[in-house]
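Peer 1: First the structure, then my questions, so here it is.
The numbers here are math on the coordinates, done by the rules we state, and not lab data. Note that this is a predicted model, so its numbers are computed, not measured. Methodologically, a virtual Cβ is constructed for each residue, glycine included, from the backbone with ideal geometry; neighbour enumeration extends over all protein chains shown.
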Amino acid sequence: MPTESALTSVSPHRIGYARVSSRGQNLDSQMDALQKAGCGKIFTDKMTGSHMVRPGWDQLLEYARPGDILVVSELSRMTRSLMDLLTTAKLLEQRQINLVSLRENIDTTTATGRCFLSMMGAIHQMERELRAERAAAGRISAKTRGKTGGRPKIDPERLENARILYENSDKTAAEVCEIVGVGRRKFFSHLAAKRNDSDKT
């Protein structure tokens, strides 16, 4: 006769989520990847406008239970920015739902995956604080020159954050650039400059 623990123990489900953002795209490649990853149920959304209305995502959150594993083919199918990623990751954590992203090789069922998301959160917070400090300094400087407004230059802190993440995780440069939101050419230029400076010291 099964014990009480055996009756209450339920294996986690692997639940897939796929999304396309235009009429010209299809879900086939994402669906194939999710099925190969062992997803027994897959929720989908087809975005045809600028509004983030995602009935499939809402249904997924209603369906998922604590301990389940949400699988996406890549993070951009689930979120559209670093801030959105961190907000979504926090929501999943509160619901005790793990996250696996196949392309970026992120798996929060592992210590490495959880550490990676924590590092992303710390970098995002530091980036926000640095941006606020820089904006305040810029306003003061502009005021002393009698100028207001203006388009900000490329964010050097974001490039530096990408370098830190690249050198302290197992992610590829392409993965880091996509997650942090910087161009590969600028990232490699920044990386080379930092390494040249290090060689001189």
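Peer 1: Output ³J(HN,Hα) for region 30-35: one whole-Hz value per residue in order, computed from phi by the Karplus curve 6.51 cos²θ - 1.76 cosθ + 1.60 with θ = phi - 60°, and x for Gly and Pro.
Peer 2: For region 30-35, the Karplus-derived couplings read 5, 4, 4, 5, 5, 5 Hz, x marking Gly and Pro.
Peer 1: Which residues does the label zone of Met47 cover in region 161-195, counting backbone N under 18 Å from a point 7 Å along Cα→Cβ?
Peer 2: Under cut-off, by backbone N: 178-182.
Peer 1: Same structure, new question: Looking at region 12-109, what % of the alpha carbon pairs are farther apart than 19 Å?
Peer 2: Working: 1668 of 4753 pairs.
Value for region 12-109 (Cα pairs over 19 Å): 35 percent.
Peer 1: When Asp45, Asp170 are ordered from fewest to most other Cβ atoms inside 10 Å of their Cβ, what list results?
Peer 2: Asp170, Asp45
Peer 1: What are the residues whose amide H is under 5 Å from the amide H of Ile106, where those residues sit 5 or more places off or on another chain and H is modelled from the backbone?
Peer 2: Ser101
Peer 1: Also: Using modelled backbone amide H atoms (1.01 Å from N, in-plane), which distant-in-sequence or interchain residues come within less than 5 Å of Leu70's amide H?
Peer 2: Ile15, Asn98, Leu99, Val100
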